[in-house]
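Coordinate-derived values only; no laboratory data. Because the structure is a prediction, the values reported are computed rather than measured. FYI the Cβ positions are ideal-geometry reconstructions off the backbone, even for glycines, and counts take in every protein chain you see.
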Amino acid sequence: MNSNFAVQAQATGKLMLCPCCGGQIALGIKACACGARFVGAPLDETPIKMRRFGPAMTAALLLLLAIGLTALLTKWLTGLALVPAWYALRALRLEKGDPSGYGGRRIAATTLVLALVGSAGMAAYGISYIPRALENHRISRLAATEAAMHHIAGILEDYKAATGSYPKNTADLKKVLTEAMPTDYWEKAIRYRSYAEALVDVRLRNNIDPNQHNAPALAIQFNTFELRSAGADGIEGTDDDIIMRDGVFFTNAEIKKLPSVRTSSDR
């Protein structure tokens, strides 16, 4: 047995432990000195290599996450699809470099294609949506300014109901405001102007001599008003002005076509 051990050890150059006595014996012999006999070949000690699907699955999960966030939050997150595209490309490179160590080639390839196609499609949709988004933003700015003007108009109507005339100028208007003068969307002051459309001389109407002592003074009634915002450019008199006259909104071009009226001293 000892000679057999020496021959086998010299032949293979490898040793193993006897499962019975724990002594070292040559790899491949059929019996040990303790009397134990081996009925089968020893187990192969070569490590088992498992294929990894992690990189491919990570790319797929990131793509699902990008789709979910884009659908729930905003279409402008479509650029997130480029992240899973990069992970899918990485997974394909790992699988190509080590086919036995990495798997999921089909998953990674499908994820890459979907991510690229989805990103391109959503990018095209986003570009086409830009004009509509700009228009919606313009409408929101216009609505905010018009709301502020409606608020001022309500105060003016209350003032007229109490006094019979609109305030002469901004200074008189501010006296009745319980808050700061409302501003437009761009935080610029909304300008107020009153218009004197009716000049009533109570002295002549009542046949009173104007030279008479204690004769009533000339009465001026301001029966119309204008509220104006300079718009986005901040320059009054341009096409983007937002104008309300007597509760009705006009463009600057439409205002120019209206008959001219005599204004107050509030220039």
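Going by how many other Cβ atoms sit within 10 Å of their own, how do Tyr129, Tyr195 line up, fewest first? Could you put the intermediate results ahead of the total?
Working: Tyr129 13, Tyr195 18.
So the ranking, lowest neighbour count to highest, is Tyr129, Tyr195.
Sum up the charges of everything whose Cβ sits under 15 Å from the Cβ of Lys96, counting Lys and Arg as +1 and Asp and Glu as -1, but leave Lys96 out. Don't skip to the end; give the middle numbers.
Details: positive: Arg51, Arg52, Arg90, Arg93, Arg105, Arg106; negative: Glu95, Asp98.
So the surrounding residues net to +4.
Determine, for each peptide in 182-188, 231-237, 114-120, the mean count of other beta carbons within 10 angstrom over its residues, then list the peptides with the highest first.
Working: 182-188: 15.6, 231-237: 13.7, 114-120: 17.1.
Averaged packing, sorted descending, gives the order 114-120, 182-188, 231-237.
Among the listed pairs Lys168/Lys256; Lys188/Lys256; Lys160/Lys188; Lys175/Lys256, which are separated by more than 27 Å between their Cα atoms?
On the way: Lys168/Lys256 22 Å; Lys188/Lys256 23 Å; Lys160/Lys188 25 Å; Lys175/Lys256 30 Å.
The answer is Lys175/Lys256.
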